[in-house]
Amino acid sequence: MNSTEAILKERIKELTCLHEVNSIIVNSDYDQLHLSLEAIAYCLKKAWQFNTYAEVEIRSASYWVKTKGFNPSMVTIKSDIRVFNKVDGHILVGYPTNNYSISDFLEEEVALLDNVSLVVSNLMERKQIKVSEEKVKRQIERTDRLHILGEITAGIAHELNTPLANILGFAELLKESIPDKEAARDLQKIVDNTIFSREIVKKLMFFACEMPQEMDVIQLNPIIDDVLKLLQPSFKAKSLRLSKSFGVNNVQLKADTVQLTQVLFNLIMNAVYYSPVGGKINVQIEEAGTNIQIHIKDEGPGIDSEIGEKIFEPFFTTKPIGEGSGLGLSVVHGIISSHKGSISHSQNEPQGTIFTVNFPKL
């Protein structure tokens, strides 16, 4: 084969590769992107002059694929993957060092690699845009659901308040007039269950932001210390280790002291409930721009990705029947929102959950 034929053959291989890469990208499933990248890697391998020995690696922040024979000791050429003008990874094409050198790569191959990196970068950008759009859509849907639930909940709470007050009042009156001890015990059960139901109604009203607030400038650190002291028996019962990291002293917030205490109590108590015996709970305060952040970390089983969007919805709980009303985190979310703050959760390492609460600084 003369040199002109060889050059023409190489150009055909390169153009074929670019066409195949574009076809792979057009038909990519964003949920199976690693399969598309793997197909691109093997497509690139075929396009090189010495394709029997060429190997390819595609690596980004989220993906890593390579052809079977690739190893880091190879002599390689590289092209960066850029996502929104930031380097997110690279594509490497290499030959074994014992038989090849950098001079064995053609200029046209370098140009081909840059072109493929460009289309892969565009693919990564579209993937991020799609993920962001889906996240925004879920947040809007969740906000709509919570708004509707809030209105329904407020109505239910108001309707239940009066009959519960009547049940409690008449039960107390009957207790005073009935000498029979067994009947008195039964009446006490009615009183206890009515009080419990009234607490549920109070939580519903917290969720619906129907409870009046007394907003004052308060010191955050002492409130956290008070909650931790209150929960000391619960820590001891499971032999839990407590770690505090108050990176900011004399933190001041504008908040309702009772409601802020309820937020901290619920989140830390949740961490205690899900922590293994002998586990560690970390409570941390730090500044983050215009916010004060409170991190509560545990070493429990973590939150499954399938239910991550549901945990702040009222009546949703993973606790056994009788151990949770499913209102704790929804109340927490409602209180924090009413304070113009936000709450999120993430995975702790190596296991567990981190709840992060953001409050605006004064």
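The values are calculated or read from the model by the stated rules, or taken from the named source; none is laboratory data. In this text, all values refer to a predicted model and were calculated from it rather than measured experimentally. Ideal geometry is used to build each Cβ from the backbone, glycine not excepted, and the neighbour counts take in all protein chains shown. Surface accessibility is based on the protein's heavy atoms, side chains included, excluding ligands, DNA and RNA. Shrake-Rupley method; radii C 1.70, N 1.55, O 1.52, S 1.80 Å.
Things worth noting here:
- Net length gained if the chain between L230 and T52 were fully extended (0.36 nm per residue, minus Cα distance): 57.1 nm
- Of K9/K78; K9/K68; K86/K280, those spanning more than 32 Å from alpha-carbon to alpha-carbon: K86/K280
- Selected from K238, K181, K189 as most flexible by GNM, with the chain as the system and alpha-carbon contacts under 10 Å: K181
- The trypsin sites (Lys or Arg not before Pro) of segment 1-98 that DSSP puts in a loop, and whose beta carbon has at most 11 other beta carbons within 10 Å, are K68.
- Surface composition of the chain: carbon and sulfur make up 54 percent of the accessible area, probe 1.4 Å.
- Pairwise label distance in nanometres, L8 with V217, each label 7 Å out on the Cα-Cβ vector: 8.4 nm
- Listed values (i) 48; (ii) 29; (iii) 34, entry calculated as percent of Cα pairs over 36 Å apart: (i)
- Qualifying GluC sites (Glu not before Pro) for segment 236-322 [loop in DSSP, other Cβ within 10 Å: at most 10]: E306
- Gyration tensor verdict on segment 58-114 (Cα atoms; rounded if a/c is under 1.5, prolate if a/b is larger than b/c, oblate otherwise): oblate
- Mean Cα-pair separation over length for the chain, i.e. relative contact order, pairs under 8 Å, 6 or more apart, %: 10 percent
- Full-extension gain in nm, E306 to F246, via 0.36 nm per residue minus C-alpha separation: 18.3 nm
- Helix 107-177 axis, angle to the chain major axis (alpha carbon atoms, nearest 10°): 10 degrees
- Listed cross-link partners K244/K310; K238/K340; K297/K340 are compared with a 32 Å cut-off, the Cα-Cα value being larger for K238/K340.
- Overall Cα dimensions of segment 168-295, principal axis frame, Å, largest first: 62, 38, 21
- Subtracting the Cα-Cα distance of K254 and A61 from 0.36 nm times their residue separation leaves 65.5 nm of extension gain.
- Ranking S132, S338, S330 by solvent-accessible area of protein heavy atoms (1.4 Å probe, all protein chains present), from largest to smallest, gives S132, S338, S330.
- Projected label distance in nm at R185 and S344, using a 7 Å step from Cα toward the beta-carbon: 5.4 nm
- Inter-label distance for K86 and K135, nm, one decimal - labels placed 7 Å from Cα along Cα-to-Cβ: 1.1 nm
- Crossing angle, helix 257-274 versus the chain [Cα axis fit, 0-90 degrees, rounded to tens]: 60 degrees
- Quarter of the Cα convex hull surface for segment 1-115, i.e. its orientation-mean projected area (nm²): 7.6 nm²
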